[in-house]
1. Please report, ordered by residue number, the helices (runs of 4 or more DSSP H) entirely within segment 516-633 with at least 1 residues that are at pLDDT 85 or above.
2. What are the residues in segment 295-306 that are out of contact with any Cys (no Cβ under 6 Å at 6 or more places or on another chain) and within 18 Å of residue 383 (Cα to Cα), if any?
3. On the given criteria, is residue 497 in contact with a Ser or Thr (Cβ under 9 Å, 6 or more places away or on another chain), open to solvent by 50 Å² or more (accessible area, probe 1.4 Å) and either modelled with pLDDT of 75 or more or within 29 Å of residue 556 (Cα to Cα) (or both)?
4. Residues being over 32 Å from the mean Cα position of the chain (by Cα) and either closer than 16 Å to residue 205 by Cα or without any contact (Cβ under 8 Å) to a residue 24 or more places away in the chain (or both): count how many of those fall in segment 245-261.
5. Do we find a residue being at pLDDT 90 or above, in a loop (DSSP other than H, G, I, E, B) and closer than 30 Å to residue 133 by Cα anywhere in segment 302-317?
6. Quick check on segment 468-476. Is at least one of its residues at pLDDT 80 or above and of a type outside the set (Lys, Arg)?
7. Against the conditions (1) open to solvent by 20 Å² or more (accessible area, probe 1.4 Å); (2) within 29 Å of residue 140 (Cα to Cα), where does residue 296 fall short? Just the number, please.
8. Taking the conditions exactly as written (among the small types (Gly, Ala, Ser), under 22 Å from residue 182 (Cβ atoms) and out of contact with any Ser or Thr (no Cβ under 7 Å at 6 or more places or on another chain)), does residue 133 satisfy them or not?
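The values are calculated or read from the model by the stated rules, or taken from the named source; none is laboratory data. Values in this document were obtained by computation on a predicted structure and should not be read as measured data. As a convention, Cβ positions derive from the backbone with ideal geometry for all residues, glycine included, and neighbour counts pool all protein chains shown. Side chains are part of the model used for accessible areas, which takes the heavy atoms of the whole protein and leaves out ligands, DNA and RNA. Shrake-Rupley method; radii C 1.70, N 1.55, O 1.52, S 1.80 Å.
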Amino acid sequence: METVYANMQSDMRWWREDDPFEAIWSAITTVISEDNERRSQILHYLRLYGHRELMTLLTNNHMPISSYFGERNYLRYNVVKSVIDTVTSRIGKNRPKAAFLTSGGDFTQQRTALKLEKYVEGSFYETQIYDTGSLCFRDACIMGPGIIKFYEKQDKEGNWKVWNERVFPWELLVDYADGRDGKPTQMFHVKHVDNHVLYEMFANTERWKNKKQELKDLIEEAQRGDWEGVETDSLVDQKLCVESWHLPSGPGAKDGKHVISLSSCTLFEEEWDEDWFPFAVYQWSRPTVGYWGTGIAKDINGIQIEINRLLDKIQKAFHLFANPYVAVQVGSKVLKSHITNGVGRILEYQGAPPTVVTHQPIHPQIINYLQQLKMDALRQTGVSEMAAQGKKPADLESGAALREYNEIEDTRHAGPAQQYERFYMDAAKIIVRMSQRMHKHGKTPSVMAHYKRRSKKWVDELKWSDINIDESAYVMQVFPTSLLPSTPAGRTATVQEWLRSGLVDKVTAMHLLELPDLEQVMTLEVASYNIVLDQMEMILEEGEFVHPEPYQDLLLAMKLSQTTYLQAKMDKAPGDRLEMIRRYIEACKRLLDKMKMQEQNPQVPQNSPVAQAQDMPLPGAGAPPGIEQAAMLAMAQGAGPQ
């Protein structure tokens, strides 16, 4: 079979070629030969973590260790898996969110930035990026990098999306010399793709829509095995596909290129005028030189191998020496059939009685050495033994004590945790940039954005055309989804501590608890706040004036509406929105004055001229609530206005 090595060319600047598939395969031949050591290490670390004997990376040729070594069950303690799973559960569970802050922006720009935040958040949840990110975090702990790729996708309804997928670290190739400073100018994504999928992806494109049979034949001719020419034994017929990117050499340069190719043809080609790759890469330990970092498996590789050797010796020693045996003097006339495990058996003998002999199978220092190795692996990665077992000290119950205990371990992992947050920031940037690129090429992407107002929750389609904000108009930050402990006991203890110290009030404390049993109580307690905030949002977001209700907490409504007015004025909100808030404040005043007058003069009838004067609307404010409805009802009854 013809492999990629047969396509070697001297000039590997594939982005200069009119039909670059041969030059691309020559380029990846060189990169693959340089990358052999890294791929061998990845294979070794996967064996350590998964306890499986993988033969190669790109085929399904793998088996459990027990099958590889025969039927014997080897005793193992997988400290690599234990440590990685513990760290993944601590850091990989975080769900950082991107916040977009305008730089001196006016009211309109700020609202657009809020839409952008909703757009990215909707894309995160729509594509389940947090689940993919957690797997990539584990990949990084095992193999060095964890990678998410972003690409364009059209759903069944014809809507364009920015989608993502997990990329195995050995599938992404970077030239060592090109990536020496960590900033490569070209990347290759090598992946097996089904024949029929390839045909459906490109048969109707401009390049192949009039040459569909030729496309089908070229796909059939393409290399089926991996880059070493090894055929995959599978029920599906897959071809080795390469997606390549080359960044522009400088501002305004026209040599940026994006190509999808097989060993037999170029499937897709376009100009790539961006200065970024569509990959978000997380690395557990960033390299000092080069592009690829290292993971936890490399750090404790030697310890795991030594543990395996010790366990093998201990197991053999116990099988050989741990079984007791009976020493019988020659001529004692002891019948072997009398030596059984029966209770109260009578054993006849002559001379010296039989003796049960039990040897110590192994020296205690070896057992201590084994335990020391386990602890060394945990200490080297900053994981406590109790964290590895999923426990906490029994005497730690208060929120302050738990925070202090967690902070000690989190300090050790501060670097990887910050890199994990930056990983999601990079993902958010790529989503925004790809959306801009797609919109520029006539493919307007959209997401189902999640909205939440105190009184209700809903989802609605948000199109990029409604945002399309320039990248220079905002600053992006990331923050955790919650600063409180994840367990109900820890959350309750922390919130109670804040409540006692006066940092929060009762209503805010109930908000922070977020316990299902308190949901109904909390809703009633904060209803006075929620209705005012809803009314302010209706005015600012939708431009619809809302009258205050006489049964509201009008003093609270005055306070919140005044602060909202001042903030909106600083944000340069439109004049009509500010006028509506002023009308709302004046309406609150009139209702308060009316209530005060009725308290002072309880004999004044509700329909007296004095009382009716309190209900007169301000200029341009329209009729107060209830006046128009009463007039319409009277007319319907034939009474007419008095």
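1. 527-542, 554-570, 575-600
2. Kept after step one, since they are out of contact with any Cys (no Cβ under 6 Å at 6 or more places or on another chain), are these residues of segment 295-306: 297-306.
Matches in segment 295-306: 297, 298, 299, 300, 301, 302, 303, 304.
3. Working: in contact with a Ser or Thr (Cβ under 9 Å, 6 or more places away or on another chain): yes; open to solvent by 50 Å² or more (accessible area, probe 1.4 Å): yes; either modelled with pLDDT of 75 or more or within 29 Å of residue 556 (Cα to Cα) (or both): yes.
So residue 497 passes the test.
4. The first filter runs over segment 245-261 and keeps only residues over 32 Å from the mean Cα position of the chain (by Cα), leaving 249-255.
So of that shortlist, the ones also either closer than 16 Å to residue 205 by Cα or without any contact (Cβ under 8 Å) to a residue 24 or more places away in the chain (or both) come out as 250-254.
The number of residues fulfilling the criteria is 5.
5. no
6. Step one: list which residues in segment 468-476 are at pLDDT 80 or above, which gives none.
Checking segment 468-476: not a single residue is at pLDDT 80 or above and of a type outside the set (Lys, Arg).
7. (1)
8. Working: among the small types (Gly, Ala, Ser): yes; under 22 Å from residue 182 (Cβ atoms): yes; out of contact with any Ser or Thr (no Cβ under 7 Å at 6 or more places or on another chain): yes.
In short, yes.
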